[in-house]
1. Can you give me the C-alpha center-to-center distance between segment 122-161 and segment 1-29, rounded to a whole angstrom?
2. So what's the net charge close to Val141: Lys and Arg +1, Asp and Glu -1, counting the other residues with Cβ under 15 Å from its Cβ?
3. Classify the chain as rounded, prolate or oblate, taking a ≥ b ≥ c as the square roots of the eigenvalues of its Cα gyration tensor: rounded when a/c is under 1.5, otherwise prolate if a/b is larger than b/c and oblate if not.
4. Out of the trypsin sites (Lys or Arg not before Pro) in segment 7-41, which ones are loop residues according to DSSP with at most 16 other C-beta atoms within 10 Å?
5. Fewest Cβ neighbours within 10 Å first, please rank Met1, Met97, Met80 accordingly.
6. Can you put Ile16, Ile128, Ile3 in order of Cβ neighbours within 10 angstrom, beginning with the fewest?
7. Within 10 Å of each candidate Cβ there may be at most 15 other Cβ atoms; applying that plus a DSSP loop requirement, which chymotrypsin sites (Phe, Trp or Tyr not before Pro) in segment 75-147 survive?
8. Sequence-distant or interchain residues sharing an amide H contact under 5 Å with Ile16, placed H: which?
Amino acid sequence: MKIYTKTGDKGQTSLIGGTRVPKFHLRIECYGTVDELNSYIGLIQCQDIDPHAQQVLKEVQDRLFTIGASLAADPEKSKMKIPDLNLADISLLEQEMDKMNEILPELKHFVLPGGDTVVSYCHIARCICRRAERLTVNLAVGSFVDDKVTIYLNRLSDYLFVLARKLGFDKKTDESIWLPRL
């Protein structure tokens, strides 16, 4: 099987369902950004971090593939069965944040991204996740998007922030707090 098809050489691609759209179409931007996010999650997941966090991130990667498939499908024409995103997927992120927050120091200031490589990776992923969320909310204005997709992306960006703090805490890295110059 060849990986290249040449069908996109003129700047068009197909959604699930067969609809051809330009590669700059908002739906393509959405699932492309989710794919970018998934790559960063993979980068975090393969770092020297606690095995439980690695397992949660592996599940997140699976959910991001589900979201990507959902966003890649033409809601008008696709007959393909797409895996479902469940409320339990969102609850998992909330439960994981609650567990991490139980041991983290209280947040009293804004935190500057950085201090450690894996912490920085989490912040980059958080920013990409926010962009994916913004694009998906924009797509939902004119086309069907499952509400759970935007909720999951919103919660995932929060999870990545808390994970950044937790991984820094585990490595005994001081948080760099923002103290505004007045």
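Please treat every number below as a calculation from the coordinates, not as lab data. Every value quoted in this text rests on a predicted model; they were computed, and no experiment measured them. Positions of Cβ are backbone-derived with ideal geometry, glycine not excepted, and every protein chain shown enters the neighbour counts.
1. When both Cα centres are located, 22 Å separates them.
2. Working: positive: Arg27, Arg134; negative: Glu29, Glu133, Asp146, Asp147.
My count for the surroundings of Val141 gives -2.
3. Numbers: a/c = 2.05, a/b = 1.99, b/c = 1.03.
Prolate, since a/c reaches 1.5 and a/b exceeds b/c.
4. Working: sites: Lys10, Arg20, Lys23, Arg27; in loops: Lys10, Lys23.
The qualifying sites are Lys10, Lys23.
5. On the way: Met1 2, Met97 19, Met80 11.
In increasing order of surrounding Cβ atoms, one gets Met1, Met80, Met97.
6. Details: Ile16 17, Ile128 21, Ile3 4.
Exposure proxy ranking, most exposed first: Ile3, Ile16, Ile128.
7. On the way: sites: Phe110, Tyr121, Phe144; in loops: Phe110, Phe144.
Here the chymotrypsin sites (Phe, Trp or Tyr not before Pro) that fit, given the DSSP loop and packing criteria, are Phe110, Phe144.
8. For Ile16, whose amide H was placed from the backbone, the distant partners under 5 Å are Ala73, Asp74.
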